[in-house]
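Below you'll find the structure, written out as structure tokens, and then a few comments.
The values are calculated or read from the model by the stated rules, or taken from the named source; none is laboratory data. Just so you know, these numbers come straight off a predicted model, no measurement behind them. FYI the Cβ positions are ideal-geometry reconstructions off the backbone, even for glycines, and counts take in every protein chain you see. What goes into the accessible areas is simple: the full protein's heavy atoms, side chains included, and nothing from ligands, DNA or RNA. Shrake-Rupley method; radii C 1.70, N 1.55, O 1.52, S 1.80 Å.
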Amino acid sequence: FDDFEFEVEEVVENIIEEEIFVTVEEMPTFQGGDLSKFRNWVQSNVKYPQIALENGIQGNVVIKFVVEKDGSVTDVRTMQSGDPALGREAERVVTSMPKWIPGQQNGSAVRVKYFVPVVFRLQ
């Protein structure tokens, strides 16, 4: 239990040191496009998990990540998923994406947090 409290305090401390924005003057862009270009990239790189295919599992996964000041993507986490295999695959794809053009606030690059749904549908 003590380790858990330490981790929570450490996370709060990091947030205070380096603010993470949700909305900024200039939002990050992915490969020169808007959020739909990012979604298309994710959907084209997702490999449907075999276990989910075999069991007819489909659904939405909500992924959280941070676009850093250098455009890299960090802190990729599944926030909501009906199935762990779908969540792992969505995390794999988001973690492997190329750098973004970072967001800007008051003329400086800043960290920006995103929550994005990844849809898994059997056809």
Based on DSSP H runs of at least 4 residues, each adding -39500 (n - 2.57), what is the mean residue ellipticity at 222 nm of the chain after dividing by all its residues, to the nearest 500 deg cm²/dmol? -11000 deg cm²/dmol
Could you pull out which residues in the stretch 80-98 have an amide N less than 20 Å from a spot 7 Å beyond the Cα of residue 31, following the Cα-Cβ vector? 89-98
Taking Cα atoms of the chain, Rg/Rh with Kirkwood Rh, to two decimals? 1.03
Taking all protein chains in place and a 1.4 Å probe, what share, in percent, of the accessible surface of the chain do carbon and sulfur account for? 51
Amide H within-cut-off set for residue 120, under 5 Å, with H built and near neighbours excluded: 59, 60, 61
Output the direction-averaged projected area (hull surface divided by four) of the convex hull of the alpha-carbon atoms of the stretch 14-53, in nm². 5.2
Which residues in the stretch 86-123 place their backbone N less than 11 Å from a point set 7 Å from the Cα of residue 51 along the Cα-to-Cβ direction? 86-89
At residue 101 and residue 18, where each label point lies 7 Å from the Cα along Cα→Cβ, what is the point-to-point distance in nanometres? 2.3
In the stretch 51-114, what is the volume of the convex hull around the alpha carbon atoms, normalised per residue and reported in Å³? 73
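Net charge near residue 86, counting Lys/Arg +1 and Asp/Glu -1 over other residues with Cβ under 12 Å of its Cβ?
For residues surrounding residue 86, the net value is +1.
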Förster radius 41 Å - calculated FRET efficiency between residue 69 and residue 119 (Cβ-Cβ, nearest 0.05): 0.90
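Rounded to the nearest 20 debye, what is the charge dipole size of the stretch 23-121 about its Cα centre when +1 sits on each Lys and Arg Cβ and -1 on each Asp and Glu Cβ?
Here the stretch 23-121 has a charge dipole of around 80 debye.
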